[in-house]
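Read through the structure below, which is laid out as structure tokens, and then see the notes.
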Amino acid sequence: MDEKLLQDVDARRARAARMGGPEKLESRRKRGGTNAIERLGFLVDPGSFIETGLLGASSLKADEAATPRDGKVCGFAKIDGRDVAVCVNDFTVKGASTGATNGRKLAHLRRTATEKGMAFVHIGESTGARLPDAMGSRGMGTMLGNDPTQFRRARDTPWASAALDTSFGSSAWLCCCSDFAVMRKGSVMAVSSPRLVSMAIGEKVDLEELGGWRVHAELTGLIDRFVDSDEEAMAEVRRFLSYMPSHNGAPPPECAVAEDAVQDQNAILEVLPAKRTQVYDMRKIIAVIFDRGSVFELKARFGRSAVVALARLGGRSVGVIANNPNVAGGALSVEAVRKIVDFQVMCDSFNIPIVRLVDTPGFVVGTDAERKGAPGHIMNFMNCTSFVTVPSITVIARKAYGRAYVAMGGGRHNEEMIAWPTAEVSFMDPTFATTIVHGLKPGDEGFEEAFAEIGKDTEIWDMATIYSVQNVIKPQETRDYLIRMLDVYRLRRSGGIGEHLMRNWPTSM
Amino acid sequence: MAVIDVKTDITGNVWKIVTKPGDHVGEDEPLLILESMKMEIPVSAPEAGVVKEILTTEGATVTEGTVLARLEV
């Protein structure tokens, strides 16, 4: 072969590897930022990456030399030994803006991940659509809307995304399409940049206010985890995927159980208060029941009266859905409901069994909740819980009132429902029930007697007698019970695969 | 340094204020305790920081979303 041809291959590879050039890379390094290749290094198993589209560049001839890889490093790699399709945006090339070529690279990755059954990972940092490429009717006709499958997310395989630095346009879309999204603090995720927002609506906006980490942690719930560095963000993506199967036709991977995985279960008794008027932090109980160190809480600062977390029980992935009495007494806000629905759909779509821990006085009521559409969200929740086909076990820890108890997997919305002896089940709190049934308020003569009567009726024993709760167990027996029962209820006929009735529900509830 | 608002997630009465301006608090540490739905419910620091202001008094009725304290984080 002509030696020149081989040299040409080397030269073209070297030009692509320059990324946005030494100056841009150096200025990133100086401000402590990592580049696309470094991020890829943190993300995947060493030496496992094989690239697709290294020689891709802008489809506009004039931009060809200035757009190595067209701004997106795409390929396949392994994470913990399992194949993934991965795209890491290279901001040093035209702000990793969306161009015709990189759009095709990304589409190919997504398609391959779905068809061959592997996770898809997108490490975002981008400005949005590339200009002037997308301008005018010819630009629009070329760039947008030509792939009718682009946003058909049907949870065939797990998707994980990161929002790093400025994540506008595609990086924001992909976080919202994903099953998991992580953000580095100090980054911004929004539809478009503050400059464009200012021009469009005349509103002067601050980056943090527009889409900083606290906005997403507390107000939007669009991001699951927040970290301090790019390296940690990549570790979070790896950790998320460790709970997930490579595709929805496989059960989640099993982990070896560490020797110290089992904790002293009596610790639950120290957290659970004796007085019904006292609250506690359910996260402390979750940390004891599941394998030590395995609890991976999502959206921790959003809808905080509920807790959702991936975890392991005896090395097997489970999804934990719980009320947290420490926040608003465990009353379910619209945000808490959205968070649970989002999570429950994900678990069901990827064959992850569900454990629910119930301690809720009900849904948050009032004008604010109604204006947020509480009844609609509550019905989504009910609908969602009814569609779950993976094994699920519901544990009533304490309060289980009204519709909220049913939505939380009460009644027959589970394989087995068990309760701790502290459980109290009724249509509403006995204090309110005393007032409504007997017309008595606290302090009135006869209130205490009437309250005691109604309070006694809420004890769990009657429910156990009629076999509407399948067992009453001591809190410290919960872990062993769950491990055994989840094994009993394995989906043997389908090899552990659920029906995925909600696989195409929205990824951002 | 940023100053963040600490809001109540629920309507209730302020039962006890357990911190004062200048106090250092850890993440999830209670700033004050509400009485709501017959339960004692803490309003806690979402992040570790220093209490800058307490914007309510014991006995006050507060509605969901009200800013009860400011925290320097």
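The values are calculated or read from the model by the stated rules, or taken from the named source; none is laboratory data. Small disclaimer: the values here were computed from a predicted structure and weren't measured. Note that each Cβ is placed from the backbone with ideal geometry, even for glycine, and that neighbours are counted across all protein chains shown.
Can you name the residue in segment A:259-283 that is surrounded by 12 or more Cβ atoms within 10 Å (Cβ to Cβ), part of a loop (DSSP other than H, G, I, E, B) and under 30 Å from the mean Cα position of the chain (by Cα) and, of all such residues, is nearest to the other protein chains (Cβ to nearest Cβ)?
The residue in question is A:VAL279.
Quick one: in segment A:208-227, of everything that is within 13 Å of another protein chain (Cβ to nearest Cβ) and either of a type in the set (A, V, I, L, M) or within 19 Å of the chain's Cα centre (by Cα) (or both), which residue is nearest to A:THR166 (Cα to Cα)? Explain how you work it out, then say what you get.
First, the residues of segment A:208-227 that are within 13 Å of another protein chain (Cβ to nearest Cβ): A:208-209, A:212-215, A:217-219, A:226.
Adding the requirement that they be either of a type in the set (A, V, I, L, M) or within 19 Å of the chain's Cα centre (by Cα) (or both) leaves A:212-215, A:217-219, A:226.
Numbers: A:GLY212: 10, A:TRP213: 12, A:ARG214: 15, A:VAL215: 14, A:ALA217: 17, A:GLU218: 19, A:LEU219: 19, A:PHE226: 15 Å.
Restricting to residues being within 13 Å of another protein chain (Cβ to nearest Cβ) and either of a type in the set (A, V, I, L, M) or within 19 Å of the chain's Cα centre (by Cα) (or both), the top hit is A:GLY212.
Quick one: count up the residues across segment A:70-111 that are more than 12 Å from A:GLY53 (Cβ to Cβ) and either part of a helix (DSSP H, G or I) or not assigned by TED's automatic domain parsing to the domain that holds A:ILE37 (or both).
6
Going by what's in this entry, would A:LEU25 be described as free of Cβ contacts under 8 Å to residues at least 60 places away in the same chain, of a type in the set (A, V, I, L, M, F, W, C) and assigned to a helix (DSSP H, G or I)?
Answer is no for this residue.
A:PHE350: of a type in the set (Phe, Trp, Tyr) and either over 22 Å from A:MET282 (Cβ atoms) or surrounded by fewer than 24 Cβ atoms within 10 Å (Cβ to Cβ) (or both), yes or no?
Here the answer is yes, as A:PHE350 does meet what is asked.
Among A:ASP457, A:ASP462, which is the only one that is charged (D, E, K, R) and touching a residue at least 12 places away in the same chain (Cβ under 8 Å)?
When all the criteria are applied, what remains is A:ASP457.
A:ALA163 is checked against (1) part of a helix (DSSP H, G or I); (2) modelled with pLDDT of 95 or more and fails just one. What number does that condition carry?
(1)
This table checks each residue for (1) assigned by TED's automatic domain parsing to the domain that holds A:LEU272; (2) touching a residue at least 40 places away in the same chain (Cβ under 8 Å); (3) not aliphatic (A, V, I, L, M).
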{"position": "A:ARG316", "(1), (2), (3)": "yes, yes, yes"}
{"position": "A:VAL320", "(1), (2), (3)": "yes, no, no"}
{"position": "A:GLY330", "(1), (2), (3)": "yes, yes, yes"}
{"position": "A:GLU335", "(1), (2), (3)": "yes, yes, yes"}
{"position": "A:GLY373", "(1), (2), (3)": "yes, no, yes"}
{"position": "A:MET382", "(1), (2), (3)": "yes, no, no"}
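Within segment A:19-45, work out how many residues are within 22 Å of A:THR166 (Cβ to Cβ) and surrounded by 14 or more Cβ atoms within 10 Å (Cβ to Cβ).
Of the residues in segment A:19-45, 16 are within 22 Å of A:THR166 (Cβ to Cβ) and surrounded by 14 or more Cβ atoms within 10 Å (Cβ to Cβ).
Would you call A:GLY47 without any contact (Cβ under 8 Å) to a residue 12 or more places away in the chain and not in a helix (DSSP H, G or I)?
Values: without any contact (Cβ under 8 Å) to a residue 12 or more places away in the chain: yes; not in a helix (DSSP H, G or I): yes.
So A:GLY47 passes the test.
Test A:SER198 against the criterion of being assigned by TED's automatic domain parsing to the domain that holds A:THR114, free of Cβ contacts under 8 Å to residues at least 40 places away in the same chain and part of a helix (DSSP H, G or I), and give yes or no.
Judged against the criteria, A:SER198 is a match.
Where the second residue is among the polar types (S, T, N, Q) and the first is within 14 Å of chain B (Cβ to nearest Cβ) and lies in segment A:413-438, which pairs have Cβ atoms under 9 Å and are six or more apart or on separate chains?
Listed pairs, sorted by first residue: A:GLU424/A:THR458; A:SER426/A:THR458; A:ASP429/A:THR458; A:PRO430/A:THR458; A:ALA433/A:SER426; A:ALA433/A:THR458.
Which one of these is touching a strand residue (DSSP E or B) at 6+ places or on another chain (Cβ under 7 Å) and within 11 Å of chain B (Cβ to nearest Cβ): A:ALA328, A:ALA300, A:ALA309, A:ALA322? Break it down stepwise before answering.
On the way: A:ALA300 fails: touching a strand residue (DSSP E or B) at 6+ places or on another chain (Cβ under 7 Å); A:ALA309 fails: within 11 Å of chain B (Cβ to nearest Cβ); A:ALA322 fails: within 11 Å of chain B (Cβ to nearest Cβ).
On inspection, the qualifying residue turns out to be A:ALA328.
Select the strands (runs of 3 or more DSSP E) contained entirely in chain B, then report the ones holding at least 3 residues which are within 12 Å of another protein chain (Cβ to nearest Cβ).
Of the strands (runs of 3 or more DSSP E) lying wholly inside chain B, those with at least 3 residues that are within 12 Å of another protein chain (Cβ to nearest Cβ) span B:3-7, B:30-36, B:39-44.
Going residue by residue through segment A:445-454, is there one that turns out to be aromatic (Phe, Trp, Tyr), surrounded by 13 or more Cβ atoms within 10 Å (Cβ to Cβ) and within 30 Å of A:GLY221 (Cα to Cα)?
No.
Specify the residue that is modelled with the highest pLDDT; the eligible residues are those in segment A:451-489 that are of a type in the set (Phe, Trp, Tyr) and under 24 Å from A:VAL271 (Cα atoms).
Restricting to residues being of a type in the set (Phe, Trp, Tyr) and under 24 Å from A:VAL271 (Cα atoms), the top hit is A:TYR481.
Look at A:THR142 and say whether it is more than 23 Å from A:VAL88 (Cβ to Cβ) and in contact (Cβ under 8 Å) with a residue 40 or more places away in the chain.
Criteria met by A:THR142.
Please work out which residue is farthest from A:ALA190 (Cα to Cα), limiting yourself to segment A:100-131 and to residues that are small (Gly, Ala, Ser), surrounded by 24 or more Cβ atoms within 10 Å (Cβ to Cβ) and out of contact with any Leu (no Cβ under 8 Å at 6 or more places or on another chain). Step through it out loud before you land on a result.
Step one: list which residues in segment A:100-131 are small (Gly, Ala, Ser), which gives A:100, A:103, A:107, A:113, A:117, A:119, A:124, A:126, A:128-129.
From what's left, surrounded by 24 or more Cβ atoms within 10 Å (Cβ to Cβ): A:113, A:119, A:124, A:126.
Next, from what is left, pick out any that are out of contact with any Leu (no Cβ under 8 Å at 6 or more places or on another chain): A:113, A:126.
Working: A:ALA113: 26, A:SER126: 10 Å.
Out of the qualifying residues, it is A:ALA113.
Could you list all residues from segment A:31-44 that are farther than 14 Å from A:GLY95 by Cβ and at pLDDT 95 or above?
Within segment A:31-44, A:THR34, A:ILE37, A:GLU38, A:ARG39, A:LEU40, A:GLY41, A:PHE42, A:LEU43, A:VAL44 meet the criteria.
Among the numbered criteria (1) touching a strand residue (DSSP E or B) at 6+ places or on another chain (Cβ under 6 Å); (2) modelled with pLDDT of 95 or more, which one does B:THR8 miss?
(2)
Restricting to segment A:365-386, name every residue that is modelled with pLDDT under 95 and either assigned to a helix (DSSP H, G or I) or small (Gly, Ala, Ser) (or both).
Selection gives A:GLY366, A:THR367, A:ASP368, A:ALA369, A:GLU370, A:ARG371.
In segment B:26-68, what count of residues is obtained for those that are of a type in the set (Gly, Ala, Ser) and free of Cβ contacts under 8 Å to residues at least 40 places away in the same chain?
Residues that pass the stated criteria total 5.
Restricting to segment A:50-62, and then to whatever is over 21 Å from A:GLY124 (Cβ atoms) and in contact (Cβ under 8 Å) with a residue 40 or more places away in the chain, can you tell me which residue is farthest from the chain's Cα centre (by Cα)? Please lay out each step first, then the result.
The first filter runs over segment A:50-62 and keeps only residues over 21 Å from A:GLY124 (Cβ atoms), leaving A:50, A:55, A:59-62.
Narrowing the set further to residues that are in contact (Cβ under 8 Å) with a residue 40 or more places away in the chain leaves A:55, A:59-60.
Numbers: A:LEU55: 34, A:SER59: 36, A:LEU60: 38 Å.
Here the answer is A:LEU60.
So if I check each of A:GLY362, A:GLY409, A:GLY373, which one is within 26 Å of the chain's Cα centre (by Cα), surrounded by fewer than 24 Cβ atoms within 10 Å (Cβ to Cβ) and away from chain B (no Cβ under 14 Å)? Can you show your working first?
Working: A:GLY362 fails: away from chain B (no Cβ under 14 Å); A:GLY409 fails: surrounded by fewer than 24 Cβ atoms within 10 Å (Cβ to Cβ).
Only one candidate passes the filter, namely A:GLY373.
Given the conditions (1) assigned to a strand (DSSP E or B); (2) acidic (Asp, Glu); (3) within 29 Å of B:ASN13 (Cα to Cα), which single one is not true for A:GLU297?
Only one criterion is unmet by A:GLU297, namely (3).
Condition first: more than 13 Å from A:MET408 (Cβ to Cβ) and within 11 Å of another protein chain (Cβ to nearest Cβ). Now tell me which residues in segment A:335-349 satisfy that.
A:GLU335
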